[in-house]
Amino acid sequence: MTAMTGLSMARSMELQHASVRRASDLTDEQAGLGTDRLLPVLPELRELLPGRGLRRGSTIAVASTDAPGCGGTTSLLLALLSAASSAGSWCAVVGLPTLGMAAAAELGIALDRLALVPHPGPQWTTVVGALLDGFDVVVAAPNGPVAASVRQQLAARARQRGSVLVPFGGGWEGADVVLSPVQGMWLGLGRGHGRLRARELTVSARGRGAAGRPRQVTMWLPAPSGPAVPEPVIVSPPRPQPQAAGQSRGHLRVVQG
């Protein structure tokens with residue numbers, strides 16, 4: 001599905017709504033859901049969510065962190081979507097023009113069931129509302145503060161349509177659960193050389209109702225066995241290295257700072 005902008009995306013969704021078969025329209029067996037009508041999440045995230053999944057009609061915010069050197073907010077967002085997407089759900093992301101499709105695919109998101117609206121324009125709430133009508137999970141990344149009335153309207157739309165609204169980046173008062181990375185540590189980088197290969201990320205959850213008790217989990221994003229994280233590198237000319245017969249090895253150096 002190609003990326004679209006502004007009201008054209010909203011209009012297109014209205015016209016195509018009847019032809020889109022949502023995972024919520026499937027049987028429990030087809031959609032891989034239980035009687036609680038939950039969308040699945042990765043095992044590492046289950047302890048952070050009421051019912052151990054994404055409950056239809058809920059608002060699950062992914063907030064940025066102020067912890068120095070932590071990062072990981074976008075990786076956390078993709079991890080939150082990955083299990084539902086790979087199980088057959090349709091997802092949409094509004095307002096994130098720099099979202100990496102390679103990273104999304106590596107985490108298990110089905111790109112053929114992912115709609116992107118990188119630049120929704122001033123009518124972004126109309127776009128998000130239309131997407132909530134036709135998609136299972138809708139990520140909304142506003143570029144500024146959002147009025148309480150708008151937050152309430154979008155949350156009510158998600159409840160009515162059985163979708164999951166995922167505000168991203170800033171504060172979103174009234175969310176059922178707010179997930180945020182609070183501590184992170186990269187592995188793989190030595191003293192001025194090496195490649196970043198894995199990140200240990202601690203994620204916290206706070207919310208209301210059943211999610212009122214603060215919780216934390218520690219997970220790997222990406223995992224040590226996963227693909228290396230691309231970083232700016234300088235490849236120096238090959239130089240002799242001690243090696244066994246029949247083996248060769250190049251030299252790779254990461255420049256920091």
Taking segment 149-180 and keeping residues over 15 Å from Pro120 (Cβ atoms) and assigned to a helix (DSSP H, G or I) leaves Ser149, Arg151, Gln152, Gln153, Ala155, Ala156, Arg157, Ala158, Arg159, Gln160, Arg161
Only listed residue being open to solvent by less than 50 Å² (accessible area, probe 1.4 Å), in contact (Cβ under 8 Å) with a residue 24 or more places away in the chain and under 13 Å from the mean Cα position of the chain (by Cα), chosen from Leu116, Leu131, Leu107: Leu116
With open to solvent by 10 Å² or more (accessible area, probe 1.4 Å), within 21 Å of Thr59 (Cα to Cα), among the aliphatic types (A, V, I, L, M) and modelled with pLDDT of 95 or more as the only criterion, which of Ala156, Ala92 stands out? Ala156
Scope segment 43-72; condition modelled with pLDDT of 90 or more and under 13 Å from the mean Cα position of the chain (by Cα); matching residues: Leu45, Leu54, Ile60, Ala61, Val62, Ala63
Sole miss for Leu76 among (1) closer than 22 Å to Ala205 by Cα; (2) open to solvent by 30 Å² or more (accessible area, probe 1.4 Å) is condition (2)
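The values are calculated or read from the model by the stated rules, or taken from the named source; none is laboratory data. Note that the coordinates shown come from a computational prediction; the quantities given were computed from them, not determined experimentally. Cβ sites come from the backbone with ideal geometry, for glycine too, and all protein chains shown count toward neighbours. Ligands, DNA and RNA are stripped out before the accessible areas are found, and what is left, the full protein with its side chains, is counted by its heavy atoms. Shrake-Rupley method; radii C 1.70, N 1.55, O 1.52, S 1.80 Å.
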